[in-house]
Amino acid sequence: MSTTALPTPIPAGLFPLDVVTVTPPGAPTNTLHLVVYTPKGEVTGHSQVTQTTNPSVNVTSHVTGTWRYELTGGGFPGTVSVVLQGWPEIKWPPRGGIGPVIPENYRATLHLSPKGSVISYDYRDAAGEWVSVGEQPVKVSFGAHAAAAA
């Protein structure tokens, strides 16, 4: 199921969550493939930020974070807040030993709501500088990986 809004009832347990920003041509696109474990409020997965500019943008990250239900003045179901941090994916050689400390290259806050879902995120560009992308609407798919595997 693909939507820009949080479905009701809100999924619980362990499930895949795919998120893609809805952006105009030329703007950065953020694609997230996540797995959510609601009993512990944990999220893990991958993020990719791309943009077809010169120079192009292609930032991939392994992300982890938290899943938190937030009741609003309107009552249940409220919204879900997902806060993520990401680090570059490194292909480490077998028996490569301990490596350097690697700084994070991605941060995001995702708000899932029955009225529409949005994300704000930051990523490090090729020069190592942080680039902030303000609030953007997203398409959300719950269970897309499970449906593809079936």
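Read the figures in this text as sums done on the coordinates, not as results from a lab. As the structure is a prediction and not an experimental result, all values here were calculated from the model. Neighbour counts are summed over all protein chains in view; Cβ atoms, including those assigned to glycine, are modelled from backbone coordinates with ideal geometry.
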Handout entry: Fraction in percent of alpha-carbon pairs per bin - 5 Å, region 60-142
Key = 3, 12, 18, 20, 15, 11, 9, 6, 3, 2, 0
Practice task
Please work out the FRET efficiency for the pair Ser141 and Arg95, using the Cβ-Cβ distance as r and a Förster radius of 30 Å; give the result to the nearest 0.05.
Solution key: 0.20
Completion exercise
Taking R0 as 22 Å and r as the Cβ-Cβ distance between Tyr37 and Ser120, the FRET efficiency 1/(1 + (r/R0)^6), rounded to the nearest 0.05, comes to 0.40
Problem - Reach of Lys40 by Cα under 27 Å, taken over lysines that are not fewer than 8 positions away in the same chain - result: Lys115, Lys139
Practice task
Could I have the simple spin-label model distance between Phe15 and Ser132, label points 7 Å from Cα toward Cβ, reported in nm to one decimal?
Solution key: 3.3 nm
Fill in the blank from the handout: In whole µm²/s, the translational diffusion coefficient that Stokes-Einstein assigns to region 2-149, given a Kirkwood hydrodynamic radius over C-alpha pairs, 4 °C and 1.567 mPa s, equals 80 µm²/s
Practice task
Please name which of Trp67, Pro114, Leu14 has its Cα lying farthest along the dipole of region 2-149 towards the positive end, using unit charges on Cβ (Lys, Arg +1; Asp, Glu -1) and the Cα centre as origin.
Solution key: Leu14
